[in-house]
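Notes follow once the structure below has been shown.
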């Protein structure tokens, strides 16, 4: 594409109806994070700044803008569970983004079933077809390029147990599109699903 470029410097503002950063870096997988506070009260919240960062040991992580219940709970208990947000669960996932008073149960609000983890105390979403039980490995307060602390927190956790609905495994291969994951896109409300018709394959040069 060689059209005219829109240019802006983030510190001066973007001058658009909605910040395009989230739309450009997307669609993004959703960190649907379940945790317990120190008193055993459940919390469930979606985070669109989420991804996988390492194979061995498997490390996943999410970033929270502000010191929210998920961050506080995980730092206190050192545990959390990631749950796959799917098209069938999109409305419930969105419900868990509501700003509720501390200690109010998002599982109950969204009509979801909490199931105890095998290796961690934090609950799984029973309706979700994939769950990762995680133990906290690092938490990091983000900084700007000048070293100024930002009110955002990166939570990294080691995946210590994995639950996969066996209908998503074909000949031992996990079928990404069959799970119908929901991905966050740009603007205040846009999401996308994955469709097998959009698949294409590339072989890395070193593997040819």
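The values are calculated or read from the model by the stated rules, or taken from the named source; none is laboratory data. Everything numeric here is computed off the predicted structure, so don't read it as measured data. Glycine gets a Cβ as well: all are built from the backbone with ideal geometry, and neighbour counts include every protein chain shown.
Values for this structure:
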quantity	calculated
Single match in 188, 101, 181 (criterion: at negative phi and modelled with pLDDT of 95 or more)	181
Residue check, residue 90 out of contact with any helix residue (DSSP H, G or I) (no Cβ under 9 Å at 6 or more places or on another chain), modelled with pLDDT of 95 or more, within 21 Å of residue 184 (Cβ to Cβ) and in a helix (DSSP H, G or I)	yes
Answer residue from the stretch 186-197, given it is in contact with a helix residue (DSSP H, G or I) (Cβ under 8 Å, 6 or more places away or on another chain) and exposed (fewer than 10 other Cβ atoms within 10 Å of the Cβ) and is farthest from residue 26 (Cα to Cα) among those	196
Residue that is surrounded by the most Cβ atoms within 10 Å (Cβ to Cβ), among those in the stretch 98-134 that are without any contact (Cβ under 8 Å) to a residue 40 or more places away in the chain and part of a strand (DSSP E or B)	115
Which listed residue is at pLDDT 95 or above and touching a helix residue (DSSP H, G or I) at 6+ places or on another chain (Cβ under 6 Å), from 169, 136, 156	136
Residue within the stretch 65-77 that is buried (at least 21 other Cβ atoms within 10 Å of the Cβ), under 12 Å from the mean Cα position of the chain (by Cα) and either free of Cβ contacts under 8 Å to residues at least 60 places away in the same chain or assigned to a strand (DSSP E or B) (or both) present	no
Unique residue being over 25 Å from residue 53 (Cβ atoms) and within 18 Å of the chain's Cα centre (by Cα) when the list is 98, 179, 185	98
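This table checks each residue for (1) buried (at least 17 other Cβ atoms within 10 Å of the Cβ); (2) touching a helix residue (DSSP H, G or I) at 6+ places or on another chain (Cβ under 7 Å); (3) part of a loop (DSSP other than H, G, I, E, B); (4) at pLDDT 90 or above.
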| position | (1), (2), (3), (4) |
| --- | --- |
| 3 | no, no, yes, no |
| 8 | no, no, yes, yes |
| 11 | no, no, no, yes |
| 15 | no, no, yes, yes |
| 33 | yes, yes, no, yes |
| 40 | no, no, yes, yes |
